[in-house]
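Nothing in this text is a laboratory measurement; each read-out follows from the coordinates by a stated rule. Note that the structure is predicted; figures quoted are calculated from it, not measured. Reconstructed Cβ throughout: ideal geometry from the backbone, glycine too, with neighbour counts over all protein chains shown.
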Amino acid sequence: MIKERDYIKSPKENGYRSYHLVVGIPVYCLDTMEYFPVEVQFRTMSMDFWASMEHRICYKKEPENKEKLAGDFRRYARILEEIEADLRHITTDK
């Protein structure tokens, strides 16, 4: 393992929650071996959707109202976190 980032315990300012690991993967060539960094991101389906939409809207389109959008995305992240907690409660009740 090269690096670890826990955005679940400490979410990003924009509301993003995920767990990232950067690991070294050995790649073998004819007479040598090198380690290449590979990042693995663990996130819920809802946070994956959130991250895809946030990237598409906030970075690819260069919107004029970035401040409002940032607030909107923080709110969406909180809403998704509440939904996930409710669903976790429903699925673990026996």
So I have [x] 1.07; [y] 0.95; [z] 1.13, and one of them is Rg/Rh (Cα atoms, Kirkwood Rh) calculated from this model. Which one is it? [z]
Charges only on Cβ, +1 for Lys and Arg, -1 for Asp and Glu: so what's the dipole of segment 3-92 about the Cα centre, in debye to the nearest 20? 300 debye
Can you tell me the orientation of helix 45-55 relative to the chain, as the angle in degrees between its alpha-carbon axis and the longest Cα principal axis, to the nearest 10? 90 degrees
Given a 10 angstrom Cα cut-off, can you work out which residue in GLU64, GLU81, GLU54 is the most mobile in a GNM of the chain? GLU64
Give me the angle, in degrees from 0 to 90, between the Cα long axis of helix 66-92 and the longest principal axis of the Cα atoms of the chain, rounded to the nearest 10. 90 degrees
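What does the extension gain come out to for CYS29 and GLU67, with contour length at 0.36 nm per residue minus their alpha carbon separation? Before the final figure, lay out the partial values.
Working: separation 38, 0.36 × 38 = 13.68 nm, distance 4.79 nm.
Here the answer is 8.9 nm.
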Normalised by the residues of the chain, what does the relative contact order come to in percent, with Cα pairs under 8 Å and at least six apart? 24 percent
